[in-house]
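Coordinate-derived values only; no laboratory data. Treat the numbers as computed from the prediction; the structure is a model and nothing was measured. Virtual Cβ from ideal backbone geometry, glycine too; neighbours counted across all protein chains shown.
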Amino acid sequence: MKHDPLVDFHCDVLSKLLGDESLSFDNDPTGKLDVTYERLAQAGGCIQAFAIYIPEHMERGLRPVLRSVDLFYRSILSHPGIKLICSARDINEAQQAGRIGALLTLEGVDGLQEDFSALRVLFHLGVRSIGLTWNHANWAADGVLEPRQGGLTGKGRRLVKLCNELGILLDVSHLTDKGFWELADLSSKPFIASHSNSRAICDHPRNLTDDQIRAIIAVDGRIGITFVPWFVRKSGEATVTDVIRHIENVCELGGASHLMLGSDYDGIDSHIAGLSHPGETPRLAEAMQPYYTDEQIAGFFGKNAIQFLESHLPSNSSHSI
Ligand SMILES: [Zn+2]
């Protein structure tokens with residue numbers, strides 16, 4: 001079966017590779033990885049975002065961040081079927097060559113330790129999307145589980161401005177509500193929630209309120225529906241049908257062309273039945289067919305994200321690989 005081009009704005013396979021360098025993205029006989037090249041290719045993978053996420057038990061400095069970048073180059077980009085996406089032109093070239101685009105993202109700026117030259121270095125290395133925090137507070141902002149529920153610090157505000165200038169996308173998925181609204185006010189560019197669902201459907205702080213969804217739609221940002229079972233359904237077993245309820249809520253708020261995917265594969269230790277790795281993602285498209293047009297489904301699975309990236313990534317790479 002031919003699948004629509006698939007874009008997934010969040011996975012944590014790099015973090016798993018960081019924890020165990022014996023694992024292989026090319027070929028994973030251990031079964032420990034969700035995201036492998038083979039599965040992306042099988043699913044019609046077009047662009048996959050790879051998040052740099054440093055687990056809590058590791059040091060907070062730049063070293064594990066740079067190790068993650070090194071792993072991204074050695075373990076992901078070394079595959080001949082993968083191409084680094086830094087610019088709109090790269091997307092086009094990857095598509096022409098039939099290669100899967102790899103987008104490097106950073107989840108939590110803790111490791112930058114207030115160093116703006118480190119941010120620029122990461123940009124030069126290919127980082128094109130940044131979430132200020134993971135779940136806790138850092139020097140830039142408070143994450144969603146931080147008890148004081150603060151917003152952005154002065155330096156966090158500078159970081160937002162610098163990302164706008166460089167052409168790094170801003171991702172609000174782990175921010176507090178206060179941080180969300182401060183970033184929405186401050187950012188001169190549309191922003192994304194790479195892996196968050198609808199709070200009206202599943203009341204979890206990692207999900208977006210209807211007002212937040214409306215605000216993202218108003219600036220022509222993007223919302224990546226995620227497959228984290230506990231962000232999909234509050235109690236009982238989450239199903240593919242429950243995922244569609246989140247999609248429908250965003251559509252009802254006017255966001256059909258603002259939807260995309262942010263699976264969180266490899267960032268979760270339990271999965272929704274039928275959505276446990278990229279090879280299974282097309283099943284969601286099949287389940288959506290009775291309710292949505294082919295065009296809407298194609299938009300949701302890839303075109304909405306590609307259009308956003310083409311509009312908001314720098315037009316040319318500073319380098320290519
Ligand atoms: Zn996350």
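What nm distance separates the two modelled labels at L162 and N135, each placed 7 Å from Cα along Cα→Cβ?
2.8
Given the Cα-Cα distance of D210 and R74 and 0.36 nm per residue of separation, how much length would full extension add, in nm? It would help to have the intermediate numbers written out before the result.
Numbers: separation 136, 0.36 × 136 = 48.96 nm, distance 4.08 nm.
Difference between extended and current length: 44.9 nm.
Can you list residues whose amide H is under 5 Å from F50's amide H, if they're 5+ apart or on another chain and H is modeled 1.01 Å from N?
It is L103, L104, T105, by chain and number.
Which of the DSSP-defined H helices in the chain satisfy a minimum axial length of 15 Å, computed from C-alpha atoms, and a minimum mean Kyte-Doolittle hydropathy of 0.0? Present the calculation step by step, with values, prior to reporting the outcome.
Numbers: long enough: 154-166 (18 Å, -0.50); 240-252 (18 Å, 0.13).
Span-like helices here: 240-252.
Calculate the FRET efficiency for D115 and Q289 from the Cβ-Cβ distance with a Förster distance of 56 Å, rounded to the nearest 0.05.
On the way: r = 49 Å, r/R0 = 0.87.
Working from the Cβ atoms, E equals 0.70.
Per DSSP helix of 4 or more residues, -39500 (n - 2.57); summed, then divided by the residues of the chain. What does that give at 222 nm, rounded to the nearest 500?
Values: 13 runs with 112 residues, N = 321.
That comes out to -9500 deg cm²/dmol.
Using r as the Cβ-Cβ distance of R60 and Q96, and R0 as 45 Å, what FRET efficiency do you calculate, to the nearest 0.05?
On the way: r = 41 Å, r/R0 = 0.91.
With a Förster radius of 45 Å, E is 0.65.
When T281, T293 are ordered from fewest to most other Cβ atoms inside 10 Å of their Cβ, what list results?
Working: T281 25, T293 11.
In order of increasing Cβ crowding within 10 Å: T293, T281.
Counting other C-beta atoms within 10 Å, and keeping those with at most 15, which DSSP coil trypsin sites (Lys or Arg not before Pro) do you find in the stretch 28-61? Could the numbers behind the result be given before it?
Working: sites: K32, R39, R60; in loops: K32, R60.
Those satisfying the criteria are K32.
Sort K16, K161 by Cβ crowding within 10 Å, fewest neighbours at the top. Present the calculation step by step, with values, prior to reporting the outcome.
Values: K16 21, K161 12.
Going from sparsest to densest Cβ surroundings: K161, K16.
Can you list residues whose amide H is under 5 Å from Y265's amide H, if they're 5+ apart or on another chain and H is modeled 1.01 Å from N?
Amide H to amide H, under 5 Å and 5 or more residues apart or across chains, Y265 pairs with D12.
Check which residues have an amide H placed less than 5 Å from A141's amide H, if you skip close sequence neighbours.
Distant-sequence amide H within range of A141: T153.
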